[in-house]
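The values are calculated or read from the model by the stated rules, or taken from the named source; none is laboratory data. These numbers were taken from a predicted model, which means no experiment stands behind them. For neighbour counting, all protein chains shown are included, and Cβ atoms are generated from backbone atoms with ideal geometry for every residue, glycine included.
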Amino acid sequence: MLSRGWTWILLLPLAGVLTLFLFWPLTLVVRESLFSEGRFSLSNYTAMFVSKLYRESLTTSLALSVSTTLLGVLIGLPLSYGMHRSGPGMRNAIMTLASIPLTFSGLVVGFAFIVLLGTSGFVTLLLKKFFDVNPLEFSAFLFTWRGLVAAYCYFLIPRMILTMTAAWSTADWSLLEAARSLGAGPVRILAQVLLPMIGPAVLAGSSLLFAVSMGAFGTAFSLTGIGVKILPLVIYTHVSELSTEIAKADALAVLLTVITTLIILGYERCFVRRPPSSQG
């Protein structure tokens, strides 16, 4: 085994990469957000409570992230269980299919939805031909908040499926059989055996989905431009070439990071069961 000294030496490149591409940029963003016209000021942060745009974008971002996270969990959880119960061939095929959406950028996902469900999209034209659907009326949802929910689920559900795969594989199914033999009903088994067993994986998956949804930019931009006010798009408008609101964009980025982190930590604190401490 490697000594502790060699372990630290091997970790130095990783520390350098994290410092260069994570900690240093974050430090610069925080620093820039605390200055206005060359002087220290909290005006970039107080503006978030005064500006209607910032309040609406925060509310919309939270609503979008919570709704897509719930849908991702509710759809991805049973799909992952079905995959676990299927045969090896089917399981590998589903794993491959679930991995494909993760290889595409947000912009590609957005444009793919336009190609399929836009006014002249493939699916839209089929619906028009066979069901006399009005293309304009049908595709209108795609460029709104509802369209973002559908597009986000495309790349969030596979993340939930892949996260739960290991949980189902390592679950101790003998506990369920033992509970049944002791006369426990389905509801009790679900509440006292199954949910505590897979709870950490569900928590990890839902936290991942929420974080990805809060920070998603490419899909929202390709579908709505800046029509739907969410934090990533508002940040984009502030860092564009025609904007002088760079410091406010930095403050919004800090706000986005802090809110996402606090919600995930609070979620874990409320729902993760900690093992009872031993006494004696």
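What tally of residues in the range 117-137 results from selecting those that are under 29 Å from Met160 (Cα atoms) and either surrounded by 15 or more Cβ atoms within 10 Å (Cβ to Cβ) or of a type in the set (Gly, Ala, Ser) (or both)?
Taking the range 117-137 first, the residues under 29 Å from Met160 (Cα atoms) are 117-118, 121-124.
This time we only want the ones that are either surrounded by 15 or more Cβ atoms within 10 Å (Cβ to Cβ) or of a type in the set (Gly, Ala, Ser) (or both), so: 117-118, 121, 123-124.
Counting residues in the range 117-137 that are under 29 Å from Met160 (Cα atoms) and either surrounded by 15 or more Cβ atoms within 10 Å (Cβ to Cβ) or of a type in the set (Gly, Ala, Ser) (or both) gives 5.
Of (1) of a type outside the set (D, E, K, R); (2) closer than 25 Å to Ser57 by Cβ; (3) touching a residue at least 24 places away in the same chain (Cβ under 8 Å); (4) surrounded by fewer than 20 Cβ atoms within 10 Å (Cβ to Cβ), Ala140 satisfies all except one. Which?
The failed condition is (3).
Leu255 versus (1) of a type outside the set (Phe, Trp, Tyr); (2) closer than 30 Å to Ser36 by Cβ; (3) modelled with pLDDT of 90 or more: which is the lone unmet condition?
Of (1) of a type outside the set (Phe, Trp, Tyr); (2) closer than 30 Å to Ser36 by Cβ; (3) modelled with pLDDT of 90 or more, only one is false for Leu255: (3).
Looking only at the range 195-232, count how many residues are farther than 21 Å from Ala166 by Cα and of a type in the set (A, V, I, L, M, F, W, C). Lay out the reasoning, then the answer.
Going through the range 195-232, the residues farther than 21 Å from Ala166 by Cα turn out to be 213-232.
Narrowing further to those that are of a type in the set (A, V, I, L, M, F, W, C): 214, 216-217, 220-221, 223, 226, 228, 230-231.
Residues meeting the conditions: 10.
Please go through the range 26-55 and give me each residue that is exposed (fewer than 13 other Cβ atoms within 10 Å of the Cβ) and part of a loop (DSSP other than H, G, I, E, B), ordered by number.
The answer is Glu37, Gly38, Leu42.
Could you please find all residues in the range 143-154 being crowded, with 22+ Cβ neighbours inside 10 Å and either over 26 Å from Leu209 (Cα atoms) or not small (Gly, Ala, Ser) (or both)? Steps first, answer last, please.
Within the range 143-154, the subset crowded, with 22+ Cβ neighbours inside 10 Å is 147-148, 151-152.
Scanning the range 143-154 gives Leu148, Tyr152.
Each row is one residue, and each column tells you yes or no for (1) over 30 Å from Ala247 (Cα atoms); (2) in contact with a His (Cβ under 8 Å, 6 or more places away or on another chain); (3) not hydrophobic (A, V, I, L, M, F, W, C).
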site: Phe23; (1), (2), (3): no, no, no
site: Lys52; (1), (2), (3): no, no, yes
site: Leu77; (1), (2), (3): yes, no, no
site: Leu116; (1), (2), (3): yes, no, no
site: Phe130; (1), (2), (3): yes, no, no
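Restricting to the range 240-261, and then to whatever is among the polar types (S, T, N, Q) and in a helix (DSSP H, G or I), can you tell me which residue is surrounded by the fewest Cβ atoms within 10 Å (Cβ to Cβ)? Spell out how you get there, then give the answer.
As a first pass, look at the range 240-261 and keep what is among the polar types (S, T, N, Q): 240, 243-244, 257, 260-261.
Adding the requirement that they be in a helix (DSSP H, G or I) leaves 257, 260-261.
Details: Thr257: 16, Thr260: 21, Thr261: 11.
Residue satisfying both the conditions and the ranking: Thr261.
Could you tell me whether any residue of the range 103-112 is in contact with a Leu (Cβ under 6 Å, 6 or more places away or on another chain) and either within 24 Å of Ile75 (Cα to Cα) or not in a loop (DSSP other than H, G, I, E, B) (or both)? It would help to see each step written out before you state the result.
Of all residues in the range 103-112, those in contact with a Leu (Cβ under 6 Å, 6 or more places away or on another chain) come to 110.
Keeping just the survivors that are either within 24 Å of Ile75 (Cα to Cα) or not in a loop (DSSP other than H, G, I, E, B) (or both) gives 110.
Checked against the condition, which is being in contact with a Leu (Cβ under 6 Å, 6 or more places away or on another chain) and either within 24 Å of Ile75 (Cα to Cα) or not in a loop (DSSP other than H, G, I, E, B) (or both), the range 103-112 yields at least one hit.
List pairs: first in the range 63-86 and over 15 Å from Ser206 (Cα atoms), second charged (D, E, K, R) and in a helix (DSSP H, G or I), Cβ under 6 Å, 6+ apart or cross-chain?
As it stands, the answer is Met83/Arg91, since those pairs meet every condition given.
Taking Thr237 and the conditions (1) surrounded by fewer than 21 Cβ atoms within 10 Å (Cβ to Cβ); (2) out of contact with any Ser or Thr (no Cβ under 8 Å at 6 or more places or on another chain), which numbered condition does it fall short on, given that it satisfies the others?
(2)
Would you point out which residue out of Leu71, Leu28 is closer than 28 Å to Ser213 by Cβ, of a type outside the set (Val, Ile, Thr) and touching a Cys at 6+ places or on another chain (Cβ under 9 Å)? If you could, list the steps in order and put the result at the bottom.
Details: Leu28 fails: touching a Cys at 6+ places or on another chain (Cβ under 9 Å).
Only one candidate qualifies: Leu71.
Could you list, in sequence order, all residues of the range 4-22 that are under 26 Å from Ala251 (Cα atoms) and either loosely packed, with under 11 Cβ neighbours inside 10 Å or touching a helix residue (DSSP H, G or I) at 6+ places or on another chain (Cβ under 6 Å) (or both)?
Hits for the range 4-22 are Gly16, Val17, Leu20, Phe21, Leu22.
Which members of the range 51-76 meet the condition of being among the aliphatic types (A, V, I, L, M) and more than 15 Å from the chain's Cα centre (by Cα)? Let's see the steps before the verdict.
Pass one, the range 51-76, residues among the aliphatic types (A, V, I, L, M): 53, 58, 62-64, 66, 70-71, 73-75.
Passing the criteria: Leu53, Leu58.
Results for (1) within 27 Å of Leu79 (Cα to Cα); (2) touching a strand residue (DSSP E or B) at 6+ places or on another chain (Cβ under 6 Å); (3) modelled with pLDDT under 90; (4) among the polar types (S, T, N, Q), shown as yes or no for each residue.
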{"residue": "Phe122", "(1), (2), (3), (4)": "yes, no, no, no"}
{"residue": "Phe130", "(1), (2), (3), (4)": "no, no, no, no"}
{"residue": "Cys153", "(1), (2), (3), (4)": "yes, no, no, no"}
{"residue": "Ala166", "(1), (2), (3), (4)": "yes, no, yes, no"}
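Looking at Leu58, is it over 26 Å from Phe210 (Cβ atoms) and part of a helix (DSSP H, G or I)?
Working: over 26 Å from Phe210 (Cβ atoms): no; part of a helix (DSSP H, G or I): yes.
So Leu58 fails the test.
I'm trying to understand the selection: among the residues of the range 114-146, which are assigned to a loop (DSSP other than H, G, I, E, B) and among the aliphatic types (A, V, I, L, M)?
First pass over the range 114-146, keeping only residues assigned to a loop (DSSP other than H, G, I, E, B): 118-121, 132-134, 144.
Hit for the range 114-146 is Val133, nothing else.
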